[in-house]
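Undergrad: I am attaching a structure below and will ask some questions about it afterwards.
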Amino acid sequence: MADAPPALGLPTDRPRQQSTGGRTATADFRIDAELTGAVERAAAEGTATPFMVCLTVYALLLARLTDSDDIVMGTPVTNRTRPELEPLIGFFLNTLILRVSVDRTLTFRELLARVKAHTLEMFEHADTPYELLVERLNPVRAPGYNPVVQAMFTQQTGSATPLRLAGTEATAVPAGEGAGEYDLVVSLQPRDGHMRGRVFYAERLFLPETIENWTEHYRRLLDACTRQPDKPLYALDLGTPVTTPPAPAVPLGDHNVGRPAEPRRRWLTSPIRPERAGCGPPGEETAPSPAVAGSRRRRITRCATA
């Protein structure tokens, strides 16, 4: 985590406020059976798991949204790895931190291998409390940002089954809006041959249509990566561009590292270009221009000094 960026810097529809409180809204999406099968095949070919494939694509999505190649995100783990903990009643959930360098000259297969290695290493330290890591890392704090991790990804390992209790009828109640400290959480769960997705997002930062745009983009990235695993990431064919209703530009504000909505969506719907990513095809890498590098430094500095 040395020299990690102080914040992920997701572009927002509304100016970031001083606190991480506020309501968390949800949005559902679906990964159909055909694409779910492609994910499973990609996992098998890469000696990985479907979780690792979906996590890799999530890292790529965050890289596109933030225009950054240094992505820090989290994933929850139940932390019941020891047999003596199995019969205990309690909340053992822990957050693991994963840092991924999304080199867009790599192919998806190569990026998956990188994420797989990082993930396995991360799970070796699953017993290390997230709070202890934050204390030891002592990151620069900025109002409105959860320390170290602002985006999370989780995937359930099995299909949901009804809860059966003797003499009692139990009914699942969908989670409604609540309070949360993360900007963005994506959760996937296998369900009858397909995957059900749910996004939890900070309502104070994002509009529903923005999240709908991002989930559609995630599906298209997942499809492109599994269909073209040996293409450089910047050259992936995403098919028809993702479109969203026009929106007015959003003032940046003192504590917001997001960009105006309309330029963000133009970038989101365009293919990854090597000149935008500060890289070119293998052997022809190009450094970002001074203007681009300066813009990135200013965004990080605004977050770190806010």
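Where a number appears in this text, it was derived from the coordinates with a stated rule and is not lab data. Quick caveat: nothing in here was measured; it's all calculated off a predicted structure. Cβ coordinates were reconstructed from backbone atoms using ideal geometry, including for glycine residues, and neighbour counts include every protein chain displayed.
Undergrad: Shape of the stretch 1-153 from its Cα gyration tensor (a ≥ b ≥ c, root eigenvalues): rounded if a/c is under 1.5, otherwise prolate when a/b > b/c, or oblate?
TA: rounded
Undergrad: Remind me, relative contact order of the stretch 56-167 in percent, using alpha carbon pairs under 8 angstrom and six or more residues apart?
TA: Computed over the stretch 56-167, the figure is 31 percent.
Undergrad: Here is a further query. In whole Å, largest first, what are the principal axis extents of the Cα atoms in the stretch 60-122?
TA: Principal extents (largest minus smallest coordinate, Cα): 47, 22, 12 Å.
Undergrad: Still on this structure, please answer the following. When ranked by the protection proxy of mean other Cβ atoms within 10 Å per residue, highest first, what sequence do the peptides 133-140, 182-189 form?
TA: Answer by packing, highest mean first, reads 182-189, 133-140.
Undergrad: From a point 7 Å beyond the Cα of Ala33 in the direction of its Cβ, which residues of the stretch 187-207 have a backbone N at a distance under 16 Å?
TA: 190-196
Undergrad: With +1 on each Lys and Arg Cβ and -1 on each Asp and Glu Cβ, and nothing else charged, work out how big the dipole of the stretch 100-151 is about its Cα centre, in Debye to the nearest 20.
TA: 260 debye
Undergrad: What is the mean projected area of the alpha carbon convex hull for the stretch 4-75, to one decimal in square nanometres?
TA: For the stretch 4-75, the mean projected area of the Cα convex hull comes to 6.8 nm².
Undergrad: Cα centroids of the stretch 180-205 and the stretch 93-131: how far apart, whole angstrom?
TA: Cα centroid of the stretch 180-205 versus Cα centroid of the stretch 93-131: 19 Å apart.
Undergrad: Suppose the chain between Glu124 and Asp70 were pulled fully straight at 0.36 nm per residue; how much longer would it get relative to their current alpha carbon spacing?
TA: So the chain would gain 17.3 nm between Glu124 and Asp70.
Undergrad: Sorted by average packing, counted as other Cβ atoms within 10 angstrom per residue and highest first, what order do 225-232, 47-54, 28-35, 125-132 take?
TA: Packing order, densest peptide first, comes out as 47-54, 225-232, 28-35, 125-132.
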